[in-house]
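The values are calculated or read from the model by the stated rules, or taken from the named source; none is laboratory data. Small disclaimer: the values here were computed from a predicted structure and weren't measured. Cβ sites come from the backbone with ideal geometry, for glycine too, and all protein chains shown count toward neighbours. Accessible surface is based on the protein model in full, side chains and every heavy atom, while ligands, DNA and RNA are left aside. Shrake-Rupley method; radii C 1.70, N 1.55, O 1.52, S 1.80 Å.
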Amino acid sequence: MLCTWQVVTHGPLRGVDEHLGRAISGSGFPSGVAHAFADLGNTVVALPVLVLAMAVTAWRTAGPRRWLPPLYAALAMAAVPAVVVPVKNAVARPGPAAMAGAPDGFFPSGHTATAAVAYGAAVLLLLLPAPGLVRGRWRTALVGLYAVVNAGVAVGLVRCGYHWPLDVFGSWCLSAVLLWGLARALTRPRRADRPPASPPPRASTAPGPPGR
């Protein structure tokens, strides 16, 4: 909300953001590396990764509800354009100088949200305890790889002049909400997984002491 408010009202944070964006865009960060990282936010790259994780999860999960986790992940991914596009149109923020001539609508960054949610949903699926796909130290490594990839996408988009830093940060905030909802759905105990309730204690039928 703070990011959106500052962008819409041309607040001081927007001025700092654009100054920082121009500094990063003109930095010495290798252009080829930046473009490679920025491309990881394309749907043609991110979606196949998510689909593969969905397929592996469904294959390794037992039971008739095996398709629920992939379905939840697909819904989270579908929510990205459903939320990002209306906000882009409403805010209508112009892009950096490198994007001059492109239609306004750079906040929030769709590439950033695509990368964050697609790869994040894939990580959550692979970390599910039921399939047992990733264990031990590999779990930490997978989360670390996710963080590095998304940081690289962010730097790449700003370095290439495709987005301002606040465009990226706003998308991270949105993606965090979607991934939190997905994590809640994936870890919610299902009725079949809950232990059966203990039967209520039965009343004693033993005869009481004789009356006086």
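Would you confirm whether any residue within the range 140-149 is buried (at least 20 other Cβ atoms within 10 Å of the Cβ), in contact with a Gly (Cβ under 9 Å, 6 or more places away or on another chain) and either modelled with pLDDT of 95 or more or assigned to a helix (DSSP H, G or I) (or both)? Checked the range 140-149: no residue is buried (at least 20 other Cβ atoms within 10 Å of the Cβ), in contact with a Gly (Cβ under 9 Å, 6 or more places away or on another chain) and either modelled with pLDDT of 95 or more or assigned to a helix (DSSP H, G or I) (or both). Can you name the residue in the range 160-170 that is part of a helix (DSSP H, G or I) and crowded, with 24+ Cβ neighbours inside 10 Å and, of all such residues, is farthest from the chain's Cα centre (by Cα)? So, considering only residues that are part of a helix (DSSP H, G or I) and crowded, with 24+ Cβ neighbours inside 10 Å, the one farthest from the chain's Cα centre (by Cα) is L166. Within the range 68-106, the set of residues being part of a loop (DSSP other than H, G, I, E, B) and without any contact (Cβ under 8 Å) to a residue 60 or more places away in the chain comprises A92, P94, A100, G101, A102, P103, D104, G105. Can you name every residue in the range 107-125 that is part of a helix (DSSP H, G or I) and over 15 Å from G152 (Cβ atoms)? Once the filter is applied, which keeps residues that are part of a helix (DSSP H, G or I) and over 15 Å from G152 (Cβ atoms), the range 107-125 yields G110, A113, V117, A121, A122, V123, L124, L125. When the range 34-67 is filtered for residues that are open to solvent by 40 Å² or more (accessible area, probe 1.4 Å), assigned to a loop (DSSP other than H, G, I, E, B), closer than 13 Å to T114 by Cβ and not polar (S, T, N, Q), only L40 remains.
Would you confirm whether any residue within the range 1-13 is assigned to a loop (DSSP other than H, G, I, E, B) and over 19 Å from C173 (Cβ atoms)? Among the residues of the range 1-13, at least one is assigned to a loop (DSSP other than H, G, I, E, B) and over 19 Å from C173 (Cβ atoms), which makes the answer yes. Going through V123, V91 one at a time, which residue ends up being open to solvent by less than 60 Å² (accessible area, probe 1.4 Å) and either within 19 Å of L166 (Cβ to Cβ) or over 21 Å from the mean Cα position of the chain (by Cα) (or both)? Result of the check over V123, V91: V91.
Can you confirm whether the range 171-187 contains a residue that is out of contact with any Gly (no Cβ under 9 Å at 6 or more places or on another chain), at pLDDT 95 or above, open to solvent by 40 Å² or more (accessible area, probe 1.4 Å) and of a type in the set (F, W, Y)? The answer is yes; a qualifying residue exists.
Checked against the criterion of being modelled with pLDDT under 90 and buried (at least 18 other Cβ atoms within 10 Å of the Cβ), the range 97-113 contains not a single residue that satisfies it.
Residues in the range 20-29 that are surrounded by 11 or more Cβ atoms within 10 Å (Cβ to Cβ) and of a type outside the set (A, V, I, L, M): G21, R22, S25, S27, F29.
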